[in-house]
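Okay, structure first, notes after.
The values are calculated or read from the model by the stated rules, or taken from the named source; none is laboratory data. Keep in mind that what you see is a predicted model, and the values were worked out from it rather than measured. Cβ atoms come from the backbone with ideal geometry, glycine included; neighbour counts cover every protein chain shown.
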Amino acid sequence: MSNANSKTTLGLEMATDPRWVNIAEKSIEFILTDHAWCEQKAASHGISVISRFSKYPEIVEVISPIVAEEWGHFRRVLKELKKHGFELGHQRKDEYVNKLNAFVRRGDHIDKQLVEYLLAFAMIEARSCERFRLLSIHMTDPDLQKFYHEFMVSEAGHYKAFLNLAKNYADDDYVTNRWSEFVAYEAEMVKTLEFRGDRMH
């Protein structure tokens, strides 16, 4: 899935194998479908966090517009699917997210639990951003290049927002150290995932 010899600009330990883009472009229907569901899940998870942690004003203030943006992304990808003559297929199991969620600590103090969720979100956004960047650079369709460049910029903003939010609920050293653990775990985790070009993660 990834090339262990190259770090990404987002601080991820493993860069995506460059072969992924070529396979993804040949599987564009499946990539767009998977992308659409990723945006839908991002919006849903954001709503869940707002509902669970609504007593924190910063959570509501920062995540609410992200939810709106993710839902707008979902609609944009649906439009792109229709443009290419495709329909939204069935939602598929996201092994990447499921394995990442297994690393999230449970049952700790509510602030620490919130930090865990925010760091997991930041990781997903970082990997998505890295993938969008590859698509924006290496796809042969100029319209899709522009399409994914816009998504790359947006996801980079979300990644930073989630990391910054986490620092409201734990000291900087804790967040920095825990983020380093997430990065190390993700680097090892992706080695275990099947290499496939029909998924965003």
Check: VAL153 fails exactly one of the following numbered conditions: (1) within 15 Å of the chain's Cα centre (by Cα); (2) surrounded by fewer than 21 Cβ atoms within 10 Å (Cβ to Cβ); (3) in contact (Cβ under 8 Å) with a residue 60 or more places away in the chain. What is the number of that condition?
Finding: (3)
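Here is a yes/no grid of residues against (1) assigned to a helix (DSSP H, G or I); (2) more than 21 Å from PHE151 (Cβ to Cβ); (3) touching a helix residue (DSSP H, G or I) at 6+ places or on another chain (Cβ under 8 Å):
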| residue | (1), (2), (3) |
| --- | --- |
| SER48 | yes, yes, no |
| ILE63 | yes, no, yes |
| GLU70 | yes, no, yes |
| VAL77 | yes, no, yes |
| GLU87 | no, no, yes |
| ARG92 | no, no, yes |
Margin query: Need the failing condition index for TRP37 against (1) loosely packed, with under 14 Cβ neighbours inside 10 Å; (2) without any contact (Cβ under 8 Å) to a residue 60 or more places away in the chain, just the number.
Written below: (1)
Item checked: Matching residues, the range 148-197, being under 22 Å from PHE30 (Cα atoms) and outside any helix (DSSP H, G or I) -> THR192, LEU193, GLU194, PHE195, ARG196, GLY197
Next item on the list: Give just the number: which of (1) within 13 Å of the chain's Cα centre (by Cα); (2) not in a loop (DSSP other than H, G, I, E, B) does ASP143 not satisfy?
Entry: (1)
Next item on the list: For residues that are closer than 21 Å to HIS73 by Cα and modelled with pLDDT under 95, scanning just the range 96-119, find the one that is surrounded by the most Cβ atoms within 10 Å (Cβ to Cβ).
Entry: TYR96
Next item on the list: Could you tell me which residue of the range 94-106 is nearest to GLU39 (Cα to Cα), considering only residues that are in a helix (DSSP H, G or I) and in contact (Cβ under 8 Å) with a residue 24 or more places away in the chain?
Entry: VAL97
Notebook entry, point to check: Does any residue of the range 18-26 turn out to be at pLDDT 90 or above, part of a helix (DSSP H, G or I), aromatic (Phe, Trp, Tyr) and buried (at least 16 other Cβ atoms within 10 Å of the Cβ)?
Noted result: no
